[in-house]
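Only one structure is covered here, and it is reproduced in the block below.
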Amino acid sequence: MTMATDDDTFRLALAQLHIEATDVEDNVERALEAVSRAADRGADLVALPELFNVGYFAFDSYERHAEPFVGETFTRLREAAADHGLAVLAGSIVEDLAATETVDTPADEGLANTAALFDATGETRLVYRKHHLFGYQSAESELLVPGERIETATIGGVTVGATTCYDLRFPELYRRLIDAGVELVLVPSAWPYPRIEHWQTLSRARAIENQAFVATINGSGHFESADATLLGRSTVYDPWGTTLASSGDEPTLVTADIELATLERVRKEFPALRDRRL
């Protein structure tokens, strides 16, 4: 879905990629192609899914494919952002904390689920490491170090923040983002079947209760080792919780225009955030 744009709007693209477990080179190539397509559609920012390069459910390969922050995957996405002149949320990779020297880390060693936002010049504007690590039928909580910091960035006049997948179940995190001035929350994810209702309900709730734009970026594909299939359905919600654009479960590029006037109008007409007591 694509809507008309003008100088007062911010075009967002969500790259719902087909992800093959451990096939890092091909996965990254698909991500780079999506960045190019997003630029062709006039996007100001394109966001990629969680662990788009290695595949979320490829737990046995996390250590083997872990990279420092300035490793090959982020370097190629940073260069693509500058080459195409748009911001890129590099959904997330498995970061080798011990090998990272250019940004602060939550620990001196171990692995993290790390997303980075590069602006249209290729500069790093935001780093987010997944705070809530999934333990239910998942090895993530055993393998990774949780993030601790929240950062924001202004891209094209929009204040952007990020969370990752399982974080959707923890509304306190989103309140912290709103208190930091965030207007658009990007949520790279690897959400599998059958929890479609959870995926849609939680995402919409985070938009409604925080009167903010929320964009969820999921992947597509099946992981034999975990017998898990990503359900896709990448979606952009406005501050009323209305769907602006969405997808099915196949690879695609979802685009929508973010109008900050909508956020301002919603918060003025229905000032729920001003009525908070906690």
Subset of the stretch 96-133, residues among the β-branched types (Val, Ile, Thr) and in a strand (DSSP E or B), comes to Thr114, Thr124, Val127
Of those in the stretch 72-95 that are among the hydroxyl-bearing types (Ser, Thr, Tyr) and assigned to a helix (DSSP H, G or I), the residue most open to solvent (accessible area, probe 1.4 Å) is Thr75
Matching residues in the stretch 19-71 (open to solvent by 10 Å² or more (accessible area, probe 1.4 Å), farther than 18 Å from Ala99 by Cα and in a helix (DSSP H, G or I)) number 13
Counted residues in the stretch 131-166 being of a type in the set (Asp, Glu), in contact (Cβ under 8 Å) with a residue 40 or more places away in the chain and exposed (fewer than 15 other Cβ atoms within 10 Å of the Cβ) come to 1
A careful count of residues in the stretch 226-256 that are assigned to a loop (DSSP other than H, G, I, E, B) and closer than 21 Å to Thr164 by Cβ gives 8
Residue count, the stretch 167-178, condition open to solvent by less than 40 Å² (accessible area, probe 1.4 Å), within 16 Å of the chain's Cα centre (by Cα) and not acidic (Asp, Glu), comes to 4
Restricted to the stretch 236-250 and to residues being touching a residue at least 60 places away in the same chain (Cβ under 8 Å) and within 16 Å of the chain's Cα centre (by Cα), the residue most open to solvent (accessible area, probe 1.4 Å) is Ser246
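Each row is one residue, and each column tells you yes or no for (1) touching a Ser or Thr at 6+ places or on another chain (Cβ under 9 Å); (2) within 29 Å of Asp60 (Cα to Cα).
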residue: Gly122; (1), (2): no, no
residue: Tyr128; (1), (2): yes, yes
residue: Pro146; (1), (2): no, yes
residue: Tyr166; (1), (2): yes, yes
residue: Arg169; (1), (2): no, yes
residue: Val187; (1), (2): yes, yes
residue: Trp191; (1), (2): yes, yes
residue: Ile217; (1), (2): yes, yes
Among residues of the stretch 179-206 being touching a helix residue (DSSP H, G or I) at 6+ places or on another chain (Cβ under 8 Å) and outside any helix (DSSP H, G or I), the residue most open to solvent (accessible area, probe 1.4 Å) is Glu183
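The values are calculated or read from the model by the stated rules, or taken from the named source; none is laboratory data. This is a predicted model, so every value here is computed, not measured. Glycine also receives a Cβ, built like all others from the backbone with ideal geometry; neighbour counts cover every protein chain displayed. Calculation scope for accessible area: heavy atoms of the full protein, side chains included, ligands and nucleic acids excluded. Shrake-Rupley method; radii C 1.70, N 1.55, O 1.52, S 1.80 Å.
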